[in-house]
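Report on the structure given below.
Each reported figure results from applying straightforward, stated rules to the coordinates on display, with no laboratory input. Not measured: the values here are computed from a predicted model. All Cβ positions, even for glycine, are placed from backbone atoms using ideal geometry, and neighbour counts span all protein chains on display.
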Amino acid sequence: MKSDYLKYWRVIRQWVKVRYGLGQADLDMLLFLYSEQYFTKEKFREFAQLVSWDVLRFNRMLRDGWIENFREKLNHRAGIYALSFKAKKMIASIYAKLEGEEIPMNTTNNPMFKKNVRFTDKVYRNMIRTMNAETKSKNFKGPSPHLSLE
């Protein structure tokens, strides 16, 4: 079986950005930190060099609840941080979508399906419909060949 996890990555990424109000650099940062159980500001800054420069990113992500303080800075001991439950849940949702879970098409879980949205959101919601339909058809196995239809 061929791997095509990334076929709809752009659609999923856009849904995440709109749904959670994240920019591309912030999303990239969270995806990098996801595999780090704990990290320091230094580790955060190390990866931040690869994304668009934003001196306020760390404090903003801390304030907005994407990262949380695990251990306070004390004297010469560095503070330690971790992704919040909110961030981990969002990233787990991304992986689920990449593995074939459908993107919700209701206005509660997907702002792209509201009435007054940008043209770009309308284009992406059409692709979400296509993606979900394709996912449904791939996941539908049909009746078991061992079942008798008599």
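Key figures
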{"read-out": "Euclidean distance of C-alpha centroids, segment 69-116 and segment 7-24, integer Å", "value": "12"}
{"read-out": "Distance histogram for segment 60-115 (every C-alpha pair counted, 5 angstrom bins, percent rounded to whole numbers)", "value": "4, 16, 14, 17, 16, 12, 7, 5, 5, 2, 0"}
{"read-out": "Sequence-distant residues sharing a close amide H with residue 67 (under 5 Å, placed H)", "value": "62, 84"}
{"read-out": "Net charge of Cβ neighbours under 14 Å - reference residue 79; Lys, Arg +1; Asp, Glu -1", "value": "+3"}
{"read-out": "The chain - charge dipole about Cα centre, Lys and Arg +1 at Cβ, Asp and Glu -1, debye rounded to 20", "value": "420"}
{"read-out": "Cα-based helix-to-principal-axis angle, 9-20 vs the chain, degrees rounded to 10", "value": "60"}
{"read-out": "With Cα atoms, 0 to 90° folded angle of helix 85-98 axis to the chain main axis", "value": "30"}
{"read-out": "Degrees between helix 24-34 axis and first principal axis of the chain (Cα, 0 to 90, nearest 10)", "value": "80"}
{"read-out": "Whole-number percent relative contact order across the chain, with pairs defined as alpha carbons under 8 Å at least 6 apart", "value": "25"}
{"read-out": "The chain: translational diffusion in µm²/s, Stokes-Einstein, Kirkwood Rh over Cα pairs, 20 °C, 1.002 mPa s", "value": "121"}
